[in-house]
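The values are calculated or read from the model by the stated rules, or taken from the named source; none is laboratory data. These numbers were taken from a predicted model, which means no experiment stands behind them. Neighbour counts are summed over all protein chains in view; Cβ atoms, including those assigned to glycine, are modelled from backbone coordinates with ideal geometry. The protein model used for the area step is the full one, side chains on, heavy atoms only, and it has no ligands, DNA or RNA in it. Shrake-Rupley method; radii C 1.70, N 1.55, O 1.52, S 1.80 Å.
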Amino acid sequence: MMELHILNKNSGDTLGEFALGDSSEVIIGRDESCDVRINARSISREHCSIEHIEGEMRLRDLDSSGGTFCGGERIDEIRLEDGMEITVGPALLKFFDAGI
């Protein structure tokens, strides 16, 4: 099972931890209806999603205005792996394989 840890990219403080489990889709954004909410103006209402597709987990940008970045490069979609770090606005999304 994959875990998502959200950190403040400037301070490194942990803002939240989420077990992604078997959900077919998790929406990340600032809207109250999102599964994972990051309340920052630079985060789109629905910024990105994490989806289970054909046995793997993929993160997809939802046409956000500020973009979704991996290794400093803007991405549209990426396969998630253990230890991967994704930047959205002021947040750093870190993914860990919990091995459960």
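Under the combined filter of DSSP loop state and at most 13 neighbouring Cβ atoms within 10 Å, the range 14-76 retains these trypsin sites (Lys or Arg not before Pro): ARG41. Of the GluC sites (Glu not before Pro) found in the chain, those that fall in a DSSP loop while having at most 16 other beta-carbon atoms within 10 Å are GLU32, GLU46, GLU54, GLU81. Dipole of the chain computed with +1 at Lys/Arg Cβ and -1 at Asp/Glu Cβ about the Cα centre; of GLY29, LEU93, ALA40, farthest Cα towards the positive end is ALA40. Between LEU62 and PHE96, the modelled labels are 2.6 nm apart [label points 7 Å from Cα along Cα→Cβ]. Dipole magnitude for the chain: about 500 debye, using +1 per Lys or Arg Cβ and -1 per Asp or Glu Cβ, origin at the Cα centre. Across the options MET84, PHE18, THR68, the greatest Cα extent toward the positive end of the charge dipole of the chain (unit charges at beta carbon of Lys, Arg, Asp, Glu) belongs to THR68. Relative to the Cα centre, the charge distribution of the range 45-100, modelled as +1 at Lys and Arg Cβ and -1 at Asp and Glu Cβ, gives a dipole magnitude of about 220 debye.
Derived scalar couplings between HN and Hα for the range 37-44 equal 9, 10, 8, 9, 4, 7, 9, 5 Hz in order, rounded to whole Hz, by the Karplus curve 6.51 cos²θ - 1.76 cosθ + 1.60 (θ = phi - 60°), x for Gly and Pro. For the range 3-43, the square roots a ≥ b ≥ c of the C-alpha gyration tensor eigenvalues yield an a/c of 1.5 or more together with a/b not exceeding b/c, which makes the shape oblate.
When the Gaussian network model of the chain links Cα atoms closer than 10 Å, the mean-square fluctuations of ILE78, ILE27, ILE43 top out at ILE78.
Which shape class applies to the range 51-97: rounded if a/c is under 1.5, otherwise prolate when a/b exceeds b/c and oblate if not, where a ≥ b ≥ c are the square roots of the Cα gyration tensor eigenvalues? Judged from the Cα gyration tensor, the range 51-97 comes out oblate (a/c at least 1.5, b/c at or above a/b). A 1.4 Å probe run over the protein chains yields, for the chain, 58 Å² of accessible area per residue, whole-number rounding. Element breakdown for the chain at a 1.4 angstrom probe: carbon and sulfur atoms account for 39% of the accessible area.
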